Amino acid sequence: MPKGTNKHDPIEGTSGVRSRNLDAPTKGTDNDNSNSITSDPKDEATGKLLGFDDLDGEEFDDGSFDIASVTHRATESAEEFVRKIWEEGWNVIHHTHLPKWLRDNDFLVEGHRPQLHTYKECFKSVFRIHTETGNIWTHLLGFIAFITVTVYFLTRPTIEVQWQEKAVFSAFFAGAILCLGFSWIFHTVYCHSEGIGKLFNKLDYCGIAILTMGSFVPWLYYSFYCRLQPKVVYLVLIFTLGTICIIVSLWDKFSEPRFRALRAGVFIALGLSGVIPAMHYVITDGFWHAINFASLGWLVLMAILYISGAVIYAVRIPERIWPGKFDIWFQSHQIFHMFVIAAAFVHYHGISKIADYRLTMGDCLAEE
């Protein structure tokens, strides 16, 4: 092989690295007699990834280089390298490019995550902008908020909050934390694989049923504080219906897009089962008493928020009207999430008021 010839020929489709001929004429000799310098392919690969191939500075008349220019370009290349490493090479894609098991809402046109094959990639996508960003963060922030409220409530001195009240409220807190926790994790990892997506989708739906059951525990406990029989009957009724919802949620086809309306209907029906004990209270104690001392107004507001969110989720408004306009923000599922969080905090306020009323009334003998 003649001198001055780079023995690393560029080969497309293999390493993707082109070796550079670093031969330079030696002062006082002919070009034909110059020494050949061959770089290490590993070093060249790193240089190409970092963009060092383009770091040739401006050469002055005396043969020196513009170091500032080289430094500036090196900094830009390093920043680009960090960005590429963080993104790990994936970009959001069009709905039609998704595998069938990832297609859920045809009205969200672009901005979808592709299948991400590792949990690391899935959880890093939490900090990327795509169709699930809003769904993840709405319930992730709600999850953190309820953990904070729970810790505050359970760590209050016994002189302020008795252990019985802590136990009753814990049913609601546990339901909220599990529901919001399952939700944000599902929206984070469901693009991992079809099996993982189905598993966490089932947990997501189970979380809704658990939150509904947990929400009724403190309300029934304090509303029928001195009436054991109806309290037990209604608790058994709610938990039976909730268990049925969980069983239905474990059905594989329940998560398919064509059963979206059925899913909404099942959970709306579970929530509306609370109408029965509410009407019982109104009949026995009166409407005014139910509003002022049983937090019926807050219970109704909670129900309105839950039902409104479920209906918006089922009909997919607003993206159904303007396909492609709400791919990233303010899509129906995000609105549903925000309604769920609002309803949960409304309910927390309501059961706090009814608990205060019951505890100020003293024991049941004081009412006789």
When you scan the range 242-256, do you find a residue that is assigned to a helix (DSSP H, G or I), touching a Gly at 6+ places or on another chain (Cβ under 8 Å) and not hydrophobic (A, V, I, L, M, F, W, C), even just one? no
Can you tell me which residue within the range 308-327, out of those that are in contact (Cβ under 8 Å) with a residue 12 or more places away in the chain and of a type in the set (Phe, Trp, Tyr), is farthest from residue 258 (Cα to Cα)? 326
Can we say residue 120 is touching an Asp or Glu at 6+ places or on another chain (Cβ under 8 Å) and modelled with pLDDT of 95 or more? no
Pairs under 9 Å by beta carbon, first residue surrounded by fewer than 15 Cβ atoms within 10 Å (Cβ to Cβ) in the range 283-298, partner among the aromatic types (Phe, Trp, Tyr) and at pLDDT 95 or above, six or more apart or different chains? 289/281
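For residue 344, state whether it is surrounded by 14 or more Cβ atoms within 10 Å (Cβ to Cβ), in contact (Cβ under 8 Å) with a residue 24 or more places away in the chain and assigned to a helix (DSSP H, G or I).
Details: surrounded by 14 or more Cβ atoms within 10 Å (Cβ to Cβ): yes; in contact (Cβ under 8 Å) with a residue 24 or more places away in the chain: yes; assigned to a helix (DSSP H, G or I): yes.
Yes, satisfied.
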Among 250, 262, 270, 237, which is aliphatic (A, V, I, L, M) and touching a residue at least 60 places away in the same chain (Cβ under 8 Å)? 270
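Per-residue answers, yes or no, for (1) touching a helix residue (DSSP H, G or I) at 6+ places or on another chain (Cβ under 7 Å); (2) of a type in the set (Lys, Arg):
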{"site": "236", "(1), (2)": "no, no"}
{"site": "239", "(1), (2)": "yes, no"}
{"site": "244", "(1), (2)": "no, no"}
{"site": "250", "(1), (2)": "yes, no"}
{"site": "258", "(1), (2)": "no, yes"}
{"site": "273", "(1), (2)": "yes, no"}
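Select from the range 228-252 the residues that are over 19 Å from residue 268 (Cα atoms) and of a type outside the set (Val, Ile, Thr) and write down the one among them that is surrounded by the most Cβ atoms within 10 Å (Cβ to Cβ). Explain how you work it out, then say what you get.
Filtering the range 228-252 down to residues over 19 Å from residue 268 (Cα atoms) leaves 228-233, 252.
Add one more test, that the residue is of a type outside the set (Val, Ile, Thr), and what stays is 228-231, 252.
Details: 228: 10, 229: 8, 230: 15, 231: 17, 252: 9.
Taking the candidates together, the pick is 231.
The values are calculated or read from the model by the stated rules, or taken from the named source; none is laboratory data. Predicted model only: the values in this text are computed from it and were never measured. Cβ sites come from the backbone with ideal geometry, for glycine too, and all protein chains shown count toward neighbours.
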